[in-house]
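Here is the structure we will look at, set down as structure tokens.
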């Protein structure tokens with residue numbers, strides 16, 4: 001691969017990259033990050049999303065004949081740049097949805113997208129109470145919000161110990177990133193510790209997390225049965241190498257959804273072998289949709305990843321799943337509103353009816369890549385199932401069945417938070433009829 | 001129980017000392033440039049990233065370890081002289097703030113160039129030094145930490161000897177004392193600045209290899225400057241010995257503070273605690289513990 005070929009995506013995205021935006025296309029503005037500290041995740045995720053849209057355009061001629069287009073603006077994962085890109089691209093015609101893959105940028109856009117009536121997708125992340133679509137009509141933390149992630153991890157540990165009752169008397173340490181993202185799950189771990197009777201220690205690692213000696217000495221003193229790693233970026237490999245230096249067994253460390261990529265484990269070398277992490281989408285390229293992308297997109301020289309070895313990596317597959325969910329929301333909305341370019345509010349309706357059973361997921365060529373989703377007007381997460389994968393030094397291997405978080409336990413807490421937000425902002429609480437009526441106007 | 005607590009406190013302090021050595025490795029690069037040109041080189045972190053990324057990218061392309069070291073040294077030398085020619089020389093005799101801002105801009109240019117040339121992927125760097133722990137009197141130690149400490153000690157000794165006993169080192173000190181006087185006695189300022197930036201590049205390579213082996217070689221390497229700044233304030237910007245002593249003090253202090261004071265603040269204090277220590281030192285002793293006191297007449 002030539003030098004120029006390799007750097008071309010970074011060069012182009014660093015300035016501005018777009019496919020032509022036509023009024024009769026369905027458009028996705030992308031606040032991507034291909035340079036900067038989180039570029040590895042950004043290139044994988046946005047690469048996967050674009051690869052899936054390219055597949056739909058190339059193989060199917062678009063969604064029911066409506067071509068998908070996209071524009072990229074570089075954010076370097078910085079909130080102010082993300083907002084600037086939003087302001088710059090929001091006048092493009094036919095915008096279907098925003099997908100920034102950044103908690104900070106998403107927070108900054110909530111008021112804007114609500115005013116624009118355009119969906120904001122925060123797959124696997126974002127503000128937890130946006131799950132409540134009654135209060136946040138345009139925000140969709142699809143598949144997994146932070147509270148469900150927490151519940152899924154505790155359920156997995158319980159399954160390893162022989163059931164929830166076996167958690168009583170165990171000790172779990174949570175090592176979290178010193179940021180709003182890292183702190184978001186503190187009360188949920190406390191709630192679950194009370195419910196199941198396990199001892200809990202929560203330890204903060206200051207950003208960026210490139211030095212964790214003190215934290216792991218505290219962990220050694222506490223002697224927990226498990227450590228949950230709620231990290232981000234460089235914090236993850238440093239946690240694994242520091243755990244090794246302190247003699248903590250790696251197979252007792254469970255990573256969260258932002259500590260589960262190849263980029264998190266490879267730098268840690270043998271310290272990461274045996275490490276387990278949660279995910280909503282399996283890695284690997286054996287799934288039919290991945291094989292189609294390789295055949296139709298990469299073999300034709302249209303792939304977005306500069307390094308084809310990354311096809312099927314965690315972030316790439318997350319981007320592909322994100323692409324499936326966006327495209328299917330458009331398809332569902334088209335079934336009601338017609339096979340044409342839809343407005344943002346019509347696509348919002350599509351997301352609020354995004355119900356993909358395991359059978360439909362199989363039809364889409366994604367069986368076992370992810371399980372299912374069941375979004376409604378009031379549940380914008382959509383009951384995503386999780387699975388756990390273990391690193392063997394070369395690749396991730398799935399080591400659990402699909403596990404359901406304890407949604408019933410979490411829902412009242414989410415509603416309490418969202419209703420408080422609605423009260424503070426003077427927002428109405430939507431009903432199903434409101435959600436349906438809004439788009440008709 | 002008391003014995004266990006004592007042992008634990010000793011372990012926290014020891015861990016901090018070993019971390020401090022790593023901070024000092026970065027700080028020494030700053031000191032080298034400040035000592036000879038009075039410039040606080042904000043681009044030192046970017047140079048660490050650039051050196052490590054160049055090295056690991058060459059190794060991944062099949063270049064043998066020592067070949068990659070030699071090639072990276074050549075690249076850092078070229079970079080040092082290029083910086084002297086294109087940035088420092090046109091800005092000669094400008095205020096320290098102007099030069100500082102120039103290095104701030106330089107840091108972004110180097111970071112961007114590093115990613116443009118070598119890509120944005122995270123790389124594993126295996127130096128073949130074990131990270132596995134072993135116990136000495138109940139304390140956990142790792143070979144990696146001890147090797148890093150040895151390398152830092154050797155570097156301090158070598159640089160101290162260099163500045164004291166070699167012709168070039170003496171020339172560096174002359175330029176640091178008075179640039180105009182140095183020029184008047186025939187020293188070539190451009191060459192000396194180029195050489196000292198090269199030396200800072202060598203230090204960046206060593207720091208980049210050790211930090212890269214610990215963190216992985218990735219963009220975040222450039223953020224390790226945040227760990228070096230309080231070390232510089234405490235030790236003095238122009239003292240190599242000060243960098244190593246302050247590194248040890250900062251490392252041990254921040255770890256002890258995290259463990260014993262952190263719980264009163266909800267944890268996660270070590271990031272800012274080192275800066276609080278530096279602030280106190282600034283108030284009491286503006287030139288740091290080992291820095292040269294500057295007396296100016298107006």
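Here, each number is a calculation from the coordinates, and none is a lab measurement. For clarity, every value in this text was computed on a predicted model and none was experimentally measured. Counting neighbours? That spans all protein chains shown, and the Cβs are built from the backbone with ideal geometry, glycine included.
Largest first, the three principal axis extents of the alpha carbons in the range B:110-161 are 48, 33, 16 Å in whole numbers. Calculation over all alpha carbon pairs of the range B:122-276 in 10 angstrom steps from 0 returns a P(r) of 9, 28, 34, 19, 8, 2 percent.
If you take the Cα centroid of the range A:60-86 and the Cα centroid of the range B:174-248, the two points sit 42 Å apart.
Here the sum of -39500 (n - 2.57) over DSSP H runs of 4 or more residues, divided by the residues of chain A, equals -13000 deg cm²/dmol at 222 nm, to the nearest 500. Taking only Cα atoms, what is the 0 to 90° angle, nearest 10, from helix A:103-116's long axis to the longest principal axis of chain A? That works out to roughly 30 degrees.
Within chain A, DSSP assigns beta bridges of which about 35% are antiparallel (rounded to the nearest 5). Above 15 angstrom, tally the Cα pairs of the range B:2-95 and express them as a % of all pairs, no decimals. Roughly 73 percent, once rounded to a whole number.
Normalised by 2.2 N^0.38 Å, where N is the number of residues, the C-alpha radius of gyration of the range A:213-293 stands at 1.22. Stokes-Einstein diffusion for the protein assembly as shown, with the hydrodynamic radius set to the Kirkwood value over Cα pairs and evaluated at 25 °C in a medium of 0.890 mPa s, equals 90 µm²/s. Reported value for the range A:112-263: 119 Å³ per residue, from the convex hull of its C-alpha atoms. Across all Cα atoms of the range A:156-233, the radius of gyration (one decimal) and Dmax (whole number) stand at 12.8, 37 Å. Centroid-to-centroid, using Cα positions, the range A:128-150 and the range B:249-290 are 39 Å apart.
Put simply, the convex hull of the Cα atoms in the range B:84-194 casts, on average, a shadow of 11.4 nm². The Cα center of the range A:302-323 and the Cα center of the range A:329-404 differ in position by 17 Å.
Helix B:143-165 and the long axis of chain B differ in direction by around 30°, with both axes built from C-alpha atoms.
Peptides A:141-147, A:352-358, A:153-159 ranked from most to least packed by the mean count of surrounding Cβ atoms within 10 Å: A:141-147, A:153-159, A:352-358.
Evaluated at q = 0.07, 0.11, 0.12, 0.13 Å⁻¹, a Debye calculation over the C-alpha positions of chain A (equal weights, vacuum) places log10 I(q)/I(0) at -0.32, -0.82, -0.99, -1.17. Other protein chain C-beta atoms within 10 Å of residue C-beta, averaged over A:175-186: 1. Would you mind checking the tilt of helix B:240-260 against the longest principal axis of the Cα atoms of chain B, expressed as 0 to 90 degrees and rounded to 10? Helix B:240-260 and the main axis of chain B meet at about 30 degrees.
Projected over all directions and averaged, the alpha-carbon convex hull of the range B:2-222 occupies 14.1 nm². Any idea what log10 I(q)/I(0) is at q = 0.15, 0.17 Å⁻¹ for the range A:294-371, Debye with uniform C-alpha scatterers and no solvent? One equal scatterer on each Cα of the range A:294-371 leads to -0.65, -0.79. For the range A:38-133, the alpha-carbon coordinates run over 36, 31, 27 Å along the three principal axes, in decreasing order. Structural size metrics of the range A:381-440, computed from C-alpha coordinates, are Rg and Dmax of 18.7, 53 Å. How many percent of the alpha carbon pairs in the range A:222-381 exceed a separation of 23 Å? Of all Cα-Cα distances in the range A:222-381, 52 percent exceed 23 Å. By the beta-carbon count within 10 Å of each Cβ, the least crowded to most crowded order of A:419, B:270, fewest first, is A:419, B:270. In terms of overall dimensions, the C-alpha atoms belonging to the range A:303-441 reach 52, 40, 29 Å along their principal axes, ordered largest to smallest. Of all DSSP bridge pairs formed entirely within the protein assembly as shown, close to 40 percent run antiparallel.
With the helix formula -39500 (n - 2.57) applied to DSSP H stretches of n ≥ 4, chain B reaches a computed 222 nm mean residue ellipticity of -24000 deg cm²/dmol.
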